[in-house]
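Working notes for the structure below.
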Amino acid sequence: MVKTSTAIQINNLSFAYGAKQVLHDVSLEIPARQVTAFIGPSGCGKSTLLRCFNRINDRIPGAKLTAGSILVHDIDINRTDIDLQELRRRIGMVFQKYNPFAKSIYDNVAFSLRAAGRTKRSVLDGIVENALKNAALWDEVKSRLHASAFGLSGGQQQRLCIARAIANQPEILLMDEPCAALDPLATLKIEELLSELKKQYTIIIVTHNLAQATRCSDNTAFMYLGKVIEYGSTMQLFENPKEPQTEAYVTGKFG
Amino acid sequence: MSPEENPSDLAPHRFQKRGFSYERAIKYFFASNAGLTIVILALIIIFLLKEGLGFFPGYQRELQVYRIAGLEFVDISRKNLTAHEQLTSVLNRAYYAEINGRCIKQMRRSQEASALFNAYTDQTGPTRDLVLNNSQAASSPNSEMLKNLKANYEQQKAKALASLTATPHLTQMERRDLIESVRSRAVNDTDDPLFVTTLAEEFTAAQHKQAEPLQALRSTIDSFSSAGSELSSLVSEMTESVIATKEKIQGADILEKDRKTLLAAASGAKDPVEREKLMTEARTSLADKPDVEGPIQLLLEHRPDCIKAHTALRDASTRIIGQLPSSLTQLEAARLLKAARHSWPFFIADLEKTPAAINAWKPDAPVPLTDSISSFLTGKDWVTGGEWQDFYGILPLAAGSLMISIVALVLAIPTGIGAAVYVNQFASPWEQSVVKPIIEFIQAIPSVVLGFIGILVFGTVLRDISLWDSLQWIPGFPLEERLNIFTAGCLLALMSIPTIFSLAEDAINNVPSAYAEASEALGASQVQTTFRVVIPAAFSGILAAVLLGFGRVIGETMVVLLVAGNRIKIPDFTAGLGTFFQPCHTLTGIIAQELGEVPMGSVHYRALFVVGILLFAVVLTINATAHRFVNKMKH
Ligand SMILES: Nc1ncnc2c1ncn2[C@@H]1O[C@H](COP(=O)(O)OP(=O)(O)O)[C@@H](O)[C@H]1O
Ligand SMILES: [Mg+2]
């Protein structure tokens, strides 16, 4: 594992939806400016873990941290005095199903900036253009920035969501199976984009696609039944797994 | 279909369909139900159209008679006369508002004292009458009974004295003295208490005093009022003669109709003797064509007089506008004067145009069918059952319906949508489980019960509130009518809030939670998420909710019939916002009120059907538009 500074540190985290305990004693250290992948069978808690990092799980009634802590750049994000809006501005998120708002392309990208109170048109113009360029979408949409986002193809809509998530220059980017709803070609584009983005951002990606994890990620965590079974550099985890369960999973014996 | 495709021509095979399957029967059952509703809807539409469309030719004939008999000619002058009367009345109202405003204190004191006394006599009146009537010698009073009646009276008296109206402008002492004097009244005392009469006299004296500086205005108004007398007598003279002509024509019309019925019966009769009898009868009942030429010529001879009267009135009016003061000191008086001054030039312009109209009028100009249609759609009068002329113009009804809807929607849209947004986005689960059923429960209140509440509670309370001194700046206060557009609008708002609330809440609820989640993940607060993402996404659904609420309001009948005040007149817009406190009638209310009383098949009856068709079309359009919005949201 390539050791750099730590972006997120997870200590003995347990998490439950109401009475249903979903994560058990999870501990991880996620390095900055690298791509970390979460893999594991459906329902093992990958999304739940990811959604703890920006506390978007707070929206779900009954969802709560039952033990442990999460430190983002050494700050416990479950402290009572955390400004959630500010936290989420620092940690962007891209969802499994692309979900642009029923607004124009421009307004989608500018959304987080406007929500943060930045409304000056000349400033927004530059940031929107930059974000779209970083999301490799600028050339395809520059002539129709004010058309509805729903006119774009699925892959384009997902890249728009990425542009939207990075417009406010977050430090960390969370991606929950960003390619699950896309065709192979669109997937390829997003993967290319990832290798560009990791120069600037710490990226955590949940994926079902093992090939994708090997192609894009530096580190991989294998989860099973709410626990992290094995965590290490991607190469090591896939080629030389320490745990028998990991081996069974990466060789396709179950999943 | 070629023969080899027809299954019955083929040899039986393994997969042969046999008999009438159970599944098919079920399918037909549901298909027939769906079909039935469509057939019924079609029948309703056909019935409405059949009854309604006969209105236009019937109304055309009525308008024809209106012209031939010369009523139309008289109305040219009458219209100006009415305008003159209205202006006079506005000026008079301004005059009294000025005087009463200047002695408002005395007026209030007098009003409150007599209101208190009247409340007392209203309550004790019946028991008091019983005592009085039975204690006369002639009715051989039974002492036991008399004692009971007296006890009853005393009891009622005590009750009445305990529940007297408030008198904010009387001092504590005055109030106590007044109540004492009422308490110690003899049973058979018929005079008002001294205090009440004194206050009334004080008020009259104050009025006289305030009238002094306004003498110039008084005489100006009087001279304006009398400037119309020449025209007025001319109009009443002509009125008599044209009514006589009209009755003759109508009589002939009825005979003609009877004759046609007889002829139809004759041609249908099988027995030759019978037929011959009917034919003769028809021939004898042939009406002589009524003479309309003579009376019309006589009428037209009035032309120069009419023109002269109009010119005189115009000259007087032009002179008098210059004599009116430019403003008055009391708010209401100044407003009325301004209204009069505003409509004055229109009045004079109308007078100027009249001579030409009088000269151009022709009794024999044709009345095309389109006239009856346009007179229905744009007519400013809905007058029925009068002896002059019936008019079926829907503007007063449409204006009433519209103004009530405006009030209702202005109140219900913010409330309904606001409640929906709150309940769906911000309320705790506990609040949701309480608020939602309560709002939806309003829908379960029968509208006639709401009407009751409207009349008895809301109307009365509103009126009492409108008497408060501190609210006199509100236009239209104090209310002249307890039942008005505003009360009806408030109740309809109450009825449409659940509709708007439920549908808007659904629309907001249907916004995929992924939107809200994405928005919050981007650092938007909950309020920002609601207003920038959720509501815009639910916008067309919310619009549909508003439209359906509007449909509910405009189609509602019971409440408006009970609470709108039912005055068939285009509201007087000179009152500004106070217009909303005037009574009105509505498209729905008029049908409910009049349909039971009109003779079947009459023009009036058919007119109500046309109103029904119109309502049907409006509500249908609203619903269709709403559905378009709902569908748009699904995509
Ligand atoms: N909102 C929720 N309420 C209750 N249980 C949930 C909720 N979301 C997920 N779960 C449960 O938590 C477990 C983990 O889910 P998730 O994190 O979505 O798994 P993964 O993303 O690995 O497929 C599953 O058993 C799932 O049923
Ligand atoms: Mg998942």
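The values are calculated or read from the model by the stated rules, or taken from the named source; none is laboratory data. Since this is a predicted model, take the numbers as computed values, not measurements. A quick note on method: Cβ atoms are made from the backbone with ideal geometry, for glycine too, and the neighbour counts reach across all protein chains shown.
How many residues does the stretch B:318-371 hold that are closer than 30 Å to B:Phe55 by Cβ and in contact with a Pro (Cβ under 9 Å, 6 or more places away or on another chain)?
The total comes to 1.
Residues checked against (1) of a type in the set (Lys, Arg); (2) loosely packed, with under 15 Cβ neighbours inside 10 Å:
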site	(1), (2)
B:Leu36	no, yes
B:Leu53	no, yes
B:Tyr59	no, no
B:Gln64	no, no
B:Ala69	no, no
B:Ile76	no, no
B:Glu85	no, yes
B:Ser89	no, yes
B:Arg109	yes, no
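When you go through A:Leu137, A:Leu152, A:Leu87, A:Leu113 one by one, which is the residue that is surrounded by 16 or more Cβ atoms within 10 Å (Cβ to Cβ), at the interface with chain B (Cβ under 9 Å from one of its Cβ atoms) and under 24 Å from the mean Cα position of the chain (by Cα)?
Among A:Leu137, A:Leu152, A:Leu87, A:Leu113, only A:Leu87 is surrounded by 16 or more Cβ atoms within 10 Å (Cβ to Cβ), at the interface with chain B (Cβ under 9 Å from one of its Cβ atoms) and under 24 Å from the mean Cα position of the chain (by Cα).
Going through the stretch A:37-52 one residue at a time, which ones are over 17 Å from A:Ile91 (Cβ atoms), more than 7 Å from ligand 1 (Cβ to nearest atom) and surrounded by fewer than 21 Cβ atoms within 10 Å (Cβ to Cβ)?
Listed by number, the list holds a single entry, A:Pro41.
Give just the number: which of (1) farther than 24 Å from A:His24 by Cα; (2) of a type in the set (D, E, K, R); (3) surrounded by fewer than 18 Cβ atoms within 10 Å (Cβ to Cβ); (4) over 17 Å from the mean Cα position of the chain (by Cα) does A:Lys97 not satisfy?
(4)
Residue-wise test of (1) in contact (Cβ under 8 Å) with a residue 40 or more places away in the chain; (2) more than 30 Å from B:Leu377 (Cα to Cα).
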| site | (1), (2) |
| --- | --- |
| B:Phe56 | yes, no |
| B:Tyr59 | yes, no |
| B:Leu87 | yes, no |
| B:Gln106 | yes, yes |
| B:Thr127 | no, yes |
| B:Glu144 | no, yes |
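Checking the conditions here, which among B:Ala115, B:Ala97 is within 30 Å of B:Thr171 (Cβ to Cβ), in a helix (DSSP H, G or I) and in contact with a Ser or Thr (Cβ under 7 Å, 6 or more places away or on another chain)?
B:Ala115
Going residue by residue through the stretch B:536-559, is there one that turns out to be buried (at least 20 other Cβ atoms within 10 Å of the Cβ), under 14 Å from the mean Cα position of the chain (by Cα) and either modelled with pLDDT under 90 or at the interface with chain A (Cβ under 10 Å from one of its Cβ atoms) (or both)?
For the stretch B:536-559, residues buried (at least 20 other Cβ atoms within 10 Å of the Cβ), under 14 Å from the mean Cα position of the chain (by Cα) and either modelled with pLDDT under 90 or at the interface with chain A (Cβ under 10 Å from one of its Cβ atoms) (or both): present.
Considering only residues that are within 19 Å of the chain's Cα centre (by Cα) and either modelled with pLDDT of 95 or more or in a strand (DSSP E or B) (or both), which ones fall in the stretch A:23-43?
A:Leu23, A:Val26, A:Ser27, A:Leu28, A:Glu29, A:Ile30, A:Pro31, A:Val35, A:Thr36, A:Ala37, A:Phe38, A:Ile39
Could you please find all residues in the stretch A:140-149 being assigned to a helix (DSSP H, G or I), surrounded by fewer than 22 Cβ atoms within 10 Å (Cβ to Cβ) and either within 14 Å of chain B (Cβ to nearest Cβ) or among the small types (Gly, Ala, Ser) (or both)?
A:Ser143 - this is the single residue of the stretch A:140-149 that is assigned to a helix (DSSP H, G or I), surrounded by fewer than 22 Cβ atoms within 10 Å (Cβ to Cβ) and either within 14 Å of chain B (Cβ to nearest Cβ) or among the small types (Gly, Ala, Ser) (or both).
Restricting the stretch A:1-22 to residues that are touching a residue at least 40 places away in the same chain (Cβ under 8 Å) and assigned to a loop (DSSP other than H, G, I, E, B), which is farthest from ligand 2 (Cβ to nearest atom)?
A:Val2
One residue is enough: does the stretch A:36-53 have a residue meeting the conditions more than 9 Å from chain B (Cβ to nearest Cβ), in contact (Cβ under 8 Å) with a residue 40 or more places away in the chain and aromatic (Phe, Trp, Tyr)?
Yes, that holds for at least one residue.
Among strands (runs of 3 or more DSSP E) lying entirely in the stretch A:162-230, which contain 1 or more residues that are within 16 Å of ligand 1 (Cβ to nearest atom), within 14 Å of another protein chain (Cβ to nearest Cβ) and in contact with a strand residue (DSSP E or B) (Cβ under 7 Å, 6 or more places away or on another chain)?
Of the strands (runs of 3 or more DSSP E) lying wholly inside the stretch A:162-230, those with at least 1 residues that are within 16 Å of ligand 1 (Cβ to nearest atom), within 14 Å of another protein chain (Cβ to nearest Cβ) and in contact with a strand residue (DSSP E or B) (Cβ under 7 Å, 6 or more places away or on another chain) span A:172-176, A:202-206.
Any residue at all in the stretch B:400-417 that's away from chain A (no Cβ under 14 Å) and not in a helix (DSSP H, G or I)? Steps first, please.
The first filter runs over the stretch B:400-417 and keeps only residues away from chain A (no Cβ under 14 Å), leaving B:400-417.
Within this subset, residues satisfying the condition of being not in a helix (DSSP H, G or I) are none.
Looking through the stretch B:400-417, none of the residues is away from chain A (no Cβ under 14 Å) and not in a helix (DSSP H, G or I).
From the set of residues in the stretch A:145-173 that are under 18 Å from A:Val206 (Cα atoms) and out of contact with any Phe, Trp or Tyr (no Cβ under 6 Å at 6 or more places or on another chain), which is farthest from ligand 2 (Cβ to nearest atom)?
Looking at the filtered set, the residue picked out is A:Glu171.
Anything in the stretch B:513-534 that is part of a helix (DSSP H, G or I), aliphatic (A, V, I, L, M) and either buried (at least 19 other Cβ atoms within 10 Å of the Cβ) or away from every other protein chain (no Cβ under 14 Å) (or both)? List them, or say none.
Matches in the stretch B:513-534: B:Ala516, B:Ala518, B:Ala521, B:Val533, B:Val534.
Collect the residues in the stretch A:116-128 that are in a loop (DSSP other than H, G, I, E, B), at negative phi and within 14 Å of chain B (Cβ to nearest Cβ), keeping them in residue-number order. It would help to see each step written out before you state the result.
Within the stretch A:116-128, the first condition is being in a loop (DSSP other than H, G, I, E, B), and the residues that meet it are A:116-120.
Within this subset, residues satisfying the condition of being at negative phi are A:116, A:118-120.
A:Ala116, A:Arg118, A:Thr119 - these are the residues of the stretch A:116-128 that are in a loop (DSSP other than H, G, I, E, B), at negative phi and within 14 Å of chain B (Cβ to nearest Cβ).
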